[in-house]
Structure formats: C-alpha cells, structure tokens
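This report refers to the structure that appears directly beneath it.
The values are calculated or read from the model by the stated rules, or taken from the named source; none is laboratory data. Please read all numbers here as calculations on a predicted model, not as lab measurements. Neighbour counts are summed over all protein chains in view; Cβ atoms, including those assigned to glycine, are modelled from backbone coordinates with ideal geometry. Remember, those area values only see protein heavy atoms, side chains included, never the ligands or the DNA or RNA. Shrake-Rupley method; radii C 1.70, N 1.55, O 1.52, S 1.80 Å.
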Amino acid sequence: MQLSDRTLGDWIEYWAEKTPDKEYIVYSDRDLRFTWKQFNKRVDDLAKGLLAIGIEKGSPVGIWATNVPDWLTFLYATAKIGAVLVTVNTNYKQHELEYLCENSDMHTLCIIDGTWDCDYVAMTYTMLPELKTTQRGHLKSERFPKMKNVIYIGQEKFRGMYNTAELLLLGKNIEDERLNQVKSNVHCHDIVNMQYTSGTTGFPKGVMLSHHNIANNGFLTGENMKFTSEDKLCICVPLFHCFGVVLATMNCLTHGSTQVMVEKFDPLVVLASVHRERCTALYGVPTMFIAELNHPMFNMFDMSSLRTGIMAGSLCPVELMRSVNEKMFMTITSVYGLTETSPGMTQTTIEDSFEVRCTTVGKEYPFTEVKVVHPETGEECPVGEQGEICCRGYNVMKGYYKNPAATAEVIDKEGFLHSGDLGIKDENGYYRITGRIKDMIIRGGENIYPREIEEFLYHIPEIKDVQVAGIPSNKYGEEVGAFIILKENAKLAPEEIQEFCRGKISRYKIPKYIFFVDQFPLTGSGKIQKFKLKEIGLEWCAKQGIEVV
C-alpha cells in the first residue's frame, strides 16, 4: 500500500476508462443514475463552461447547496481545471455568508434555491444587489470586488445569474484541446478544496486542502473498512462537511464504489435507499442513526445488505453502536480528526473488537504520525497519561487561507498539527479522546467557536458582557450556553435573545441555554474559567429538572 499522486480528475478518468458502464452516482428516490463514463462527460462539459466564464486555476468557487445531483459535478469540474471549491455550510445565514465570501476572496458563488428556513437566492441578492441590474458575467460589486459570477444550480433563471444549462451551452465554445491543456497543469499538491472551520482560535478560517490530502485520506478510510468497487455507500451526511466530501466521497472515488446519495437527511429516504439499492455501507452522526432506528417504519425495510460504515461527529454511545450492530447488521467504525487533518488521523477498523470500536477512536492512519504531548512542556506523554493529541503526515492541511500567523499557532516547527483535544494512548496503541483544551463546542458534528457567538451577541444593546460555553447534551453531545451580564437597569428575557439571533446566525449556533449572571468565575490571574461556567449551567439544568447528561 502506498500514497497516490493522482488528482481528483485523474481518479474520475481512471474509473471512466476502467469501468465505464458501472453505476457511480445514484439518487434512488428519483431513480437518477450516472455511470462513471456519463458522469465524467458531464464533468468535462461543466469544466468547459467554468472556463468560459473566466474561472482559472486557483479561483475560489463557492458551493452553497444540499447534496443535489450536480454538487459533485461542480466538485470535479473545479478540480479538473485547478480551481478551489469553497464549501459553504447549508445552515449559514446572511452574516456568515458575507463573512465567508469576503474572507475567501470568492470569485464565483454557486447556489440552489435554499433550504426550508433559508432563501439562498434572496440572501445572495441582499449581499450582491448589483446582480439585479447586471448582465451575467459582468458583476461589479462595490463590497465584494473579487466576486465575478453567481451560478444557480438548476434550470430556473434569475437576473444576473448563470444557471447550469447555460454553463453547459457556453462550454461548447471551449475546445477539448484547451481543457486538456488546463488539466495538464493541475498537480496533486495543488489546493482543491477549502473548508471553513473555527480551528482552535478566533473566527472561522479557510482550511486549504490539496488533492493529495483528501484523496489519500478517503482511500485509507475505505481500506480500514475493506472497501472494494463492489461496495455501495449510502451518503446522507452533508457534502459541505469533511465527513461527506472526504470520508464518504473520496472513499468511493478511490475505490471505484457506487455512491447512493440522499439530498437532505431524511431517515425514511435513507432506509428506503439502503433497501432498494442493497447498500453495503452507511455513514452518519449518532442522531442520524437514532432517527433511523426509531423510525416507525424501520421494520418494513431490509437492512441485511449492510456490512460496515462510520459513526462520527460526536461521542458515540455504546448502546447506540450495539443497536446499529444488531438491527442494521453493521460493523461500525469511528474516525477521529479535524478539518485541518483532512479529516482523519485515527480510525477503528472492521477487524477491531466491539469493545475497542465502542471505547476508542482506533489507531493512527498509515503514513500518519499521532502522538500525545504534555500541553505545557510539549514532551511526549507515556502510555496511559493524558495530553494533547498531535498529528503529522500527508493529511495535514496546507494552512489557513491568508493567515500564516494562525497556521503557525497550530502547526509546530516539526510539522505536527496540535488538535487542542486531550486524549490518551493505551498499551495496544489505541487512542481515547478525553476532553478539549480549546473552548470549541461540538454540537451534533458541527464545530462552534464561542468567540464568534460572543461577538455577535454584543450587538444586543442591553448586554454588557457575555461568555459562551458548551453544555453537555444527550442528543447532540453539546448545546450552546450563553452566560450574560446585563448593563445596569437593563432587562432582557432569554426568548428575546434567541429571537434576535434567528435568521442572522445558523440555528445550531443559537444559544439553547441562557444564564444571567452578575460576574464570571476567574482564575487568580483574571482569566475566565469556562469549565466553571459549564458547572453553573449543569447545576441550573438539574434544578429545573432538565436532563442533559
């Protein structure tokens, strides 16, 4: 086994030639199917369309969409011409969208109509009002001068925006020779994907990932589950997240497997897709598996084709893993890592015992070094002693976009990326995650950095000071808790704060628990003790009879 130097485009073309008529992408709920050959042709046609509107090597191209059929077409079309696909969280609201577009120097934004509580088209017009009076391809935005195009992923037409059909038509003006020339200038160590994460400090930062990073991480993830080209993976996790675009999509890409797609998570659609397509693997965060197992129609579907999958994104309860094992016939594995490590750095395998798969996050990936170090001295910890998890290898990001200082804070001089997570390594080489050094909250697989919410809440005039911390949750792992000191004589109800947040920040970032306090617990040097804020929150929940752990 060795690492591959193929680009994502190379992989698509490899399978299009080797297994041209084998199904690659399936949407079972609408009976939409693409073979490798058909999909590769559509990717090339779209790549030509992107070249026709001025997208070049290195151009940041945002995609703001659920798992729609052409999501992957845009991924591979941008990859073939050397552009950088910037994945946009489907939960984002206006404030977050504008921050990401500005910070990423986005050249082109690709959108769908929206989700049930977000109108992406309206939000895009709010951000770029010039679109309504501008011809397609002639955008000149005062606030976002680097933004040149907006593409609607679909057939509908909107003023100032291209749609998919128009791009495919424009692509007919581009000769094959030009596309082949552009493709020949793309290399495996070029950046292909940028995902925004809170990292360990500050506001969300663009994590720059190369073809080499993500294709190899996907391949090795599949190897730990004994994937082959005969496997069919049901993908119901979002593609904008590393879980979807790397652990799922790159796994299938490098093994020639079939992707059975679910556009937006619905437990019934997942169960029906597994049943109809005879899927062999399924991914999800714990709440997804809970929804599937507890669906009233669960027993109507045959899950016996399943053999493996991944449960990740937050702590995986032992009883849930046992239920999945017994009722869905799956040997579940778990992956630990960060967006900054592409994302996997450790994984359990299908050959590990049930106890190991339930109580650890496995061993380090091949071609990856993982170690546990003392947070203060940096010395490697002996077996069984808690310290910070660090990683070095092919999977470590190229860095944070336009932020060398933040990059230097997390990647040391020896090339080890510091995760900010606490863990131990046992005598058999398995890792257990025991806590976090950093303040980041993980709610249902979503990373939430408290400072971002704190800065947002400061816009409420009555708030004097605010601190945000994670409150343990049975369902999501953690919920957002806001601890607020009001200005003198000010009055504010928790519901008013939550209402202020709605429509401005993502639903999962809105504080579920709001506590009004007179002061924050401090260390002797005056630093706020966030772990004590969590204790205050837990005590309050206990008094209210709210079960959170």
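Provide, for region 38-116, the number of lysine pairs with alpha carbons under 19 Å apart, each pair being eight or more places apart or on different chains. Display every interim value, and only then the final one.
Values: Lys41/Lys80; Lys48/Lys57; Lys48/Lys80; Lys57/Lys80.
Qualifying lysine pairs in region 38-116: 4.
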From the backbone phi of region 370-379, what are the Karplus-calculated ³J(HN,Hα) couplings (6.51 cos²θ - 1.76 cosθ + 1.60, θ = phi - 60°) in whole Hz, Gly and Pro given as x? 10, 9, 10, 10, 5, x, 9, 8, x, 6
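Report the Rg/Rh value for region 85-185, based on alpha-carbon coordinates and the Kirkwood definition of Rh. Kindly include the intermediate steps, with their values, before the conclusion.
Working: Rg = 14.6 Å, Rh = 14.6 Å.
Rg/Rh for region 85-185 comes to 0.99.
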What's the center-to-center distance, using Cα atoms, between region 80-147 and region 1-78 in Å? 22
Run the 1.4 Å probe and let me know the accessible area of Met321, rounded to the nearest 10 Å². 10
Please calculate the 1.4 Å probe accessible area of His138, with all protein chains present, and give it to the nearest 10 Å². 120
5 angstrom amide H check on Ser473, placed H, neighbours 5+ away: Glu478, Glu479
With +1 assigned to the C-beta of every Lys and Arg and -1 to the C-beta of every Asp and Glu, and no other charges, what is the dipole magnitude of region 323-395 about the Cα centre in debye, to the nearest 20? 320
Taking H as built 1.01 Å from N, whose amide H comes closer than 5 Å to the amide H of Tyr196, not counting residues under 5 places away? Thr87, Val207
Report the trypsin sites (Lys or Arg not before Pro) located in region 86-140 that are in a DSSP loop and have at most 11 other Cβ atoms inside 10 Å of their Cβ, or state none. Lys140
Cα atoms only, region 344-447: Rg and Dmax in Å? 14.1, 44
Ranked order, Asp176, Asp44, Asp518 - accessible area, probe 1.4 Å, largest first: Asp518, Asp176, Asp44
Beta bridges by DSSP in the chain, antiparallel share as percent, to the nearest 5: 55
Relative contact order for region 258-384 using alpha-carbon pairs under 8 Å, separation at least 6, rounded to a whole percent? 17
Env charge @ Gly58, Cβ radius under 15 Å, K,R +1 / D,E -1, value +4
Using only the alpha-carbon atoms, what does region 138-258 span along each of its principal axes? Please give whole angstrom values in decreasing order. 49, 43, 31
With every protein chain present, what accessible area does Lys504 have (1.4 Å probe, heavy atoms only), rounded to the nearest 10 Å²? 80
Give the residue from His107, Phe34, Leu51 lying farthest towards the positive end of the charge dipole for region 1-118; charges sit on Cβ (+1 for Lys and Arg, -1 for Asp and Glu) and the dipole is referred to the Cα centre. Phe34
Highest first, please rank the peptides 534-545, 159-170, 114-125, 215-226 by the mean number of other Cβ atoms sitting within 10 Å of their residues. 215-226, 159-170, 114-125, 534-545
Under a 1.4 Å probe, what is the accessible area of the chain per residue, stated in Å²? 42
Which values of log₁₀ I(q)/I(0), to two decimal places, follow from the Debye formula for the chain at q = 0.06 Å⁻¹ with a uniform point scatterer at every Cα? -0.29
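Would you please put 400-411, 238-249, 273-284 in order of how densely packed they are, using the mean number of other Cβ atoms within 10 angstrom per residue and starting with the highest?
On the way: 400-411: 16.5, 238-249: 25.7, 273-284: 22.4.
With the highest mean Cβ count within 10 Å placed first, the list reads 238-249, 273-284, 400-411.
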Can you pull the percent of the chain's accessible area that's carbon plus sulfur, 1.4 Å probe, other chains left in place? 49
Reachable lysines from Lys532, criterion Cα separation under 19 angstrom, eight or more residues apart if same chain: Lys438, Lys512, Lys543
Karplus-derived 3J(HN,Hα), 6.51/-1.76/1.60, for each residue of region 323-333, Hz, glycine and proline x: 5, 5, 4, 7, 9, 10, 6, 10, 8, 6, 10
For the chain, whose charge dipole is built from +1 on Lys and Arg Cβ atoms and -1 on Asp and Glu Cβ atoms, the candidate among Val356, Leu85, Leu179 with its Cα farthest towards the positive end is Leu179
Applying a 10 Å radius around every beta-carbon, put 77-84, 28-35 in order of their mean neighbour count, most first. 77-84, 28-35
Calculated from DSSP helices alone, with each H run of at least 4 adding -39500 (n - 2.57) and the total divided by the residues of the chain, [θ]222 nm to the nearest 500 comes to -9000 deg cm²/dmol
